[in-house]
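All remarks here apply to the structure that follows.
The values are calculated or read from the model by the stated rules, or taken from the named source; none is laboratory data. Since the structure is predicted, the reported quantities are computational estimates derived from the model, not experimental observations. Neighbour counts run over all protein chains shown; Cβ positions are idealised from the backbone, glycine included.
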Amino acid sequence: MNAYRAPLGDMQFLMSEVFRADEVFAAMPGTAEVTPDLISAILEEAAKIAENLLSPINRNGDHEGCQWTDGVVTTPAGFKEAYEEYVAGGWAGLTGEIDFGGQGMPKLLSSQIEEMFFGANSSFALYTILTTGATLTLSEHASAELKQRYLPKMYEGRWTGTMCLTEPHAGTDLGMIRTKAVPQADGSYRITGTKIFITAGEHDLTENIIHLVLAKLPDAPAGPKGISLFVVPRNAVDNEGDLTGELNGVSCGAVEHKMGIKGSATCVMNFDSAQGWLVGELNHGLSNMFTMMNYERLSMGLQSNGLADSSYQTAADYARERIQGRSPTGPQQPESAADPILVHPDVRRMLLTMRANIMAGRALSMYAAMQLDISRFHPDPEQRQQADRLVALLIPVAKAYCSDRGFEMCVMGQQVLGGHGYVAEWGLEQNVRDARIAQIYEGANGIQALDLMGRKTVRAGGELLAVLLTEMDKFVADAQDIPGMDRYLPHLLNNQQMIRSVTRSVIDRASDNPEEIGAASYAYMELLGLTLYNFMWLRILAAVLPKLQAGSGDTPHLSGLVKTAEFFFARLLPRTRALIDEIEAGAQTLMAMSAEEF
Ligand SMILES: Cc1cc2nc3c(=O)[nH]c(=O)nc-3n(C[C@H](O)[C@H](O)[C@H](O)COP(=O)(O)OP(=O)(O)OC[C@H]3O[C@@H](n4cnc5c(N)ncnc54)[C@H](O)[C@@H]3O)c2cc1C
């Protein structure tokens, strides 16, 4: 099994040269102190954690999984010690609110750390990511008193967090949840109900677990408008934020046996008159939870990028070493019995497809993370509003398109190794199993596509898309003077034209038939994903070409990026045409079959 290597070169190039993180951070008071030196130092330290602490316990975590005995959940060997080191390094509060002990770091930076941790050990990373999401929700919506009670210990890493939404009969349709919250005279609530599939719901890493729970008051309006959000500690906490020594009616009924991420405890959680406190306003629970969901959904794209990159590293190494057959143009390694499989065009097709998708997916995740930072930190309200609109459009794509491609890239990596990819030894089959969940949780990818097509495009009358297309226009106007870019920019201009016209066509058809939205949604999400990957590759080239011409920088790295971009434009981007045909095919063929005919 190959050890994970953090892709620091690509990450730092994207951060400093493509997205000019130093300029972005310098323009915002909350991030002005995040200098290039600090960014490099943090990324390098995170790389050490990923490579030396998390990667070595990844395989064992998969073998051993989490154990449940009488409500007690034990994580795999090594997880507890690794978590202690992670906490000692101060990683838990990296992006947290400074007033409550966090370090206030931007998402653009932390997103790359997430990718590394997910790539090295997705199961372990989930314990930390859920906590970050929970603290973010508390930070945005809880009262100062609740924040003081919970955030400092969560930022210290002494307590972890969860999000408890799903119930046995309510997954996508959370309006149907049955968990009840009954108001008490002291202002708290008694929470009763069962939640399933709760990541990190119970474990042995910390002394307490803080659950964010969706529930309904007995007289709440029906459906999603009656959902409220509560903070419910597993172990009771006093007003000063100290443990009282008492339990709080929260127990773990089971851990799920599942396909992958076996070291992550996926729990059935029972709340039996547990004491909880309202977070934000009554009946606004779902919208408050969305603060966290934008970040969590981006994280699922990062999980996929990380695992795909881990598979790519092993596959590329293997293809250089494994000798089978001869090059079609004659022996390349005559001293050996055969040539390395890297000589075969089809093996190169797989490796280049992986590299092209991984780099663009990483860039798209950074672009979305940057918008989240602008929306959070920028002093100019107009800039914040513009970033909010981009976030709304980008997040479903960064979640669904990156996780679909990420899973496919893990499968492709397996294929490069042939039978050796199928057996456990090289770790590629684990990556396939671990990557699969990102397409499902945090809202299944079909739901992301529906959100993009329905709420964010048709119902917004195409306004959010117009914001993105204007960003692309601005980029093209700036980039056209860069020598060499004129060859590539028409790819984006064509794509923009296609997307404008197909969007109008779906909006028109949907006004007569609402089924047209769901019928177009998946292909539309893929079309926007491919268009964004196109945009990302152009942004990369706009940074690479001047450096290559000036002879500065790491030439093999830069020329490799140009060749990968050429491959993307020639062999992956043409799929846009098939997607347009699929979108234009409309709802008729989907809806023609009766239930009995399926
Ligand atoms: C390992 C794991 C960890 C998880 N962690 C958490 C967690 O920490 N907290 C938490 O609350 N939940 C968690 N979940 C739950 C997860 O978010 C849900 O499984 C997911 O949102 C889908 O819900 P469901 O499984 O009920 O599927 P369903 O809602 O039953 O959907 C089934 C299928 O129907 C499609 N579908 C449903 N409704 C529509 C519609 N209106 N239009 C079009 N298609 C539709 C979906 O896209 C999907 O393909 C986890 C799940 C797993 C497996």
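Worth a mention:
- When restricted to residues that are more than 30 Å from GLU84 (Cα to Cα), touching a Gly at 6+ places or on another chain (Cβ under 9 Å) and within 16 Å of the ligand (Cβ to nearest atom), the stretch 182-208 contains 2.
- For the stretch 494-529, a residue qualifies if it is closer than 16 Å to LEU393 by Cα and free of Cβ contacts under 8 Å to residues at least 40 places away in the same chain, and the qualifying residues are GLN496, ILE499, ARG500.
Here is a yes/no grid of residues against (1) within 30 Å of ARG20 (Cβ to Cβ); (2) more than 16 Å from the ligand (Cβ to nearest atom); (3) crowded, with 24+ Cβ neighbours inside 10 Å; (4) at pLDDT below 95:
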| position | (1), (2), (3), (4) |
| --- | --- |
| LEU108 | yes, yes, yes, no |
| ILE113 | yes, yes, yes, no |
| MET116 | yes, yes, yes, no |
| ALA120 | yes, yes, yes, no |
| GLU145 | no, yes, no, no |
| GLN148 | no, yes, no, no |
| LEU151 | no, yes, yes, no |
| GLU156 | no, yes, no, no |
| CYS164 | no, no, yes, no |
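- Scanning the stretch 419-468 for residues that are acidic (Asp, Glu) and not in a helix (DSSP H, G or I) gives a single hit, GLU442.
- Within the stretch 122-143, considering residues that are of a type outside the set (D, E, K, R) and more than 16 Å from CYS164 (Cα to Cα), the one surrounded by the fewest Cβ atoms within 10 Å (Cβ to Cβ): SER143
- Scoring ARG297 on the criteria (1) over 20 Å from ALA368 (Cβ atoms); (2) in contact (Cβ under 8 Å) with a residue 24 or more places away in the chain leaves a single failure, condition (1).
- The single condition from (1) within 30 Å of ARG433 (Cα to Cα); (2) among the hydroxyl-bearing types (Ser, Thr, Tyr); (3) touching a Gly at 6+ places or on another chain (Cβ under 6 Å) that TYR155 fails is (1).
- Looking only at the stretch 182-216, and only at residues there that are among the small types (Gly, Ala, Ser) and assigned to a loop (DSSP other than H, G, I, E, B), the one that is farthest from THR160 (Cα to Cα): ALA185
- Residue satisfying condition, being of a type outside the set (S, T, N, Q), closer than 30 Å to MET28 by Cβ and free of Cβ contacts under 8 Å to residues at least 12 places away in the same chain, within set ARG384, ARG389, ARG376, ARG362: ARG384
- Residue in the stretch 408-430 that is crowded, with 21+ Cβ neighbours inside 10 Å and within 16 Å of the ligand (Cβ to nearest atom) present: yes
- Among the residues of the stretch 10-24, the ones that are touching a helix residue (DSSP H, G or I) at 6+ places or on another chain (Cβ under 7 Å) and either over 8 Å from ILE39 (Cβ atoms) or without any contact (Cβ under 8 Å) to a residue 60 or more places away in the chain (or both) come to 10 in all.
- Cross-chain or 6+ apart pairs with Cβ under 8 Å, the stretch 78-99 first and on the phi > 0 side of the Ramachandran plot and assigned to a loop (DSSP other than H, G, I, E, B), then modelled with pLDDT of 95 or more and of a type in the set (A, V, I, L, M): GLY78/ILE57
- Checking each residue in the stretch 166-187 for being surrounded by fewer than 17 Cβ atoms within 10 Å (Cβ to Cβ), of a type in the set (S, T, N, Q) and farther than 17 Å from ILE440 by Cα picks out only GLN184.
- None of SER521, SER501 is part of a helix (DSSP H, G or I) and either modelled with pLDDT under 95 or under 23 Å from the mean Cα position of the chain (by Cα) (or both) except SER521.
- Single match in LEU352, LEU302 (criterion: part of a helix (DSSP H, G or I), surrounded by fewer than 21 Cβ atoms within 10 Å (Cβ to Cβ) and touching a residue at least 12 places away in the same chain (Cβ under 8 Å)): LEU352
- All conditions but one from (1) away from the ligand (no atom under 16 Å from the Cβ); (2) under 29 Å from LEU465 (Cβ atoms); (3) at pLDDT 95 or above apply to ARG376; the one that does not is (3).
- VAL232 more than 13 Å from the ligand (Cβ to nearest atom), touching a strand residue (DSSP E or B) at 6+ places or on another chain (Cβ under 7 Å) and among the aliphatic types (A, V, I, L, M): yes
- For the stretch 469-487, taking the residues that are over 23 Å from TYR524 (Cβ atoms) and in a helix (DSSP H, G or I), the one that is nearest to the ligand (Cβ to nearest atom) is identified as LYS474.
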